[in-house]
Amino acid sequence: MSKKIVLTGGGTAGHVTPNMALIPKLQELDYEIVYMGSYDGIEKKLMEDFDIPYYGIATGKFRRYFDPKNFSDPFRVIKGMAEARKYLKEIKPDVLFSKGGFVSVPVVRAAYSLGIPCIIHESDMTPGLANKLCIPVAKKVCCNFPETFSLLPPNKAVLTGSPIRQELTTGSKEAGYKLCGFDSFKPVIMVVGGSLGSAAVNQAVRDVLPELLKDFQVVHLCGKEKVDNLLLTTPGYKQFEYIKSEMKDIFAMADIVISRAGANAISELLALRKPNILIPLPSTSSRGDQILNAKSFESQCFSIVIDEDDLTSKVLLEKIQELYFNRQTYIDAMSKSKQRDAIGTIIGLIEDAVKEKQK
């Protein structure tokens, strides 16, 4: 009997990449896969590499602050739910898997209204607002941190870890050097501020660039429209807005990483055993989830953490030197971590839901 699954999630790359990690295994198991996201969000762009149907729906963002769009967005969510319901009736999937983000709410709610089992995934230690709205109708809630269990219904929570794209483990240092125009004699720092980039992290790194380039080469994934044109020809410094297929080679080449503390990003750092400095998004511009993620990794000796409020040129340089000098300590700590088979566990939950639906 054929098996159909709808994947959803979007708004940022962190709500899409775990879905991307599941696709090869789902294809191997002969699933017919459909993706449902916003009309033109980052999820649509990232799905272009996969030969699977994409359905766009209207979406509205859920905000914790005042914005005039707070009055119009609920109507967009209602429209999105109607569109999702129409598409789901046509597709007739056996199961839906959601990675969260505001785009997922109308899709999950529509699926539930049609009796389609929904499995959702929460990467952060505390559930985001979109997932909070989906948890009541979900069959299972996958999570990344043991601490999350106490915040979820006990009959739904499953500790799975976060699915990591398997191709990230197959990178080539040599291909990375070639892509960036680097040599193999100086160590490489990889700087990544999330798919949208981070102005604070970008500025901090560029402020200390002359000092850094004495001892390191720097590859900087700086985010859309955040390339500094004045630094384009600086030897030993390579900027990219965003990287897709070559990400595995950049990771392979990197000796240490400076990163935000999004759950998927740090899960990749752990899986690849990359010594790292985390600069979490401050609570003034987020719900504080990255701070919790970072503190958890710091307590397990996987990371050095710098609060954005404490980020100065002097502090950043000191922490980079400290991390590089002690890098093996961090590699050893990460190597002892009991990595769960996130892809296998989640696929198992999906298969169980499908068998139950097809009875």
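General remarks:
- The set of residues from the range 90-108 being assigned to a helix (DSSP H, G or I) and under 22 Å from ASP352 (Cβ atoms) comprises ILE91, SER104, VAL107, VAL108.
- Taken residue by residue, the range 189-203 has no member that is more than 17 Å from GLU241 (Cα to Cα), without any contact (Cβ under 8 Å) to a residue 12 or more places away in the chain and surrounded by fewer than 17 Cβ atoms within 10 Å (Cβ to Cβ).
- Filtered residues of the range 64-110 (kept if at pLDDT 65 or above and aromatic (Phe, Trp, Tyr)): TYR87, PHE97, PHE102
- One residue alone among ASP332, ASP352, ASP307, ASP289 is loosely packed, with under 12 Cβ neighbours inside 10 Å and out of contact with any Leu (no Cβ under 6 Å at 6 or more places or on another chain), and that residue is ASP332.
- Only one of THR329, THR284, THR312 that is modelled with pLDDT under 90, more than 20 Å from the chain's Cα centre (by Cα) and either among the hydroxyl-bearing types (Ser, Thr, Tyr) or over 24 Å from HIS121 (Cα atoms) (or both): THR284
- Just one of the listed residues (ARG85, ARG109, ARG165) is among the basic types (Lys, Arg) and touching a Cys at 6+ places or on another chain (Cβ under 8 Å), and it is ARG109.
- Selection status of ILE320, under 20 Å from the mean Cα position of the chain (by Cα), β-branched (Val, Ile, Thr), assigned by TED's automatic domain parsing to the domain that holds ILE189 and modelled with pLDDT of 90 or more: no
- Pairs, first in a loop (DSSP other than H, G, I, E, B) in the range 224-246, second hydroxyl-bearing (Ser, Thr, Tyr) and surrounded by 15 or more Cβ atoms within 10 Å (Cβ to Cβ), C-beta under 7 Å, six or more apart: LYS224/TYR242; TYR242/SER195
- Looking across ILE250, ILE243, one residue alone is touching a strand residue (DSSP E or B) at 6+ places or on another chain (Cβ under 7 Å) and either surrounded by 22 or more Cβ atoms within 10 Å (Cβ to Cβ) or not assigned by TED's automatic domain parsing to the domain that holds ILE320 (or both). It is ILE250.
- Matching entry among LYS214, LYS132, LYS186 (being in contact with a Gly (Cβ under 8 Å, 6 or more places away or on another chain), surrounded by fewer than 20 Cβ atoms within 10 Å (Cβ to Cβ) and either without any contact (Cβ under 8 Å) to a residue 60 or more places away in the chain or not in a strand (DSSP E or B) (or both)): LYS186
- Restricted to the range 309-344, and to residues there that are touching a strand residue (DSSP E or B) at 6+ places or on another chain (Cβ under 8 Å), touching a residue at least 24 places away in the same chain (Cβ under 8 Å) and of a type outside the set (A, V, I, L, M, F, W, C), the residue that is nearest to VAL208 (Cα to Cα) is LYS319.
The values are calculated or read from the model by the stated rules, or taken from the named source; none is laboratory data. As the structure is a prediction and not an experimental result, all values here were calculated from the model. Cβ atoms come from the backbone with ideal geometry, glycine included; neighbour counts cover every protein chain shown.
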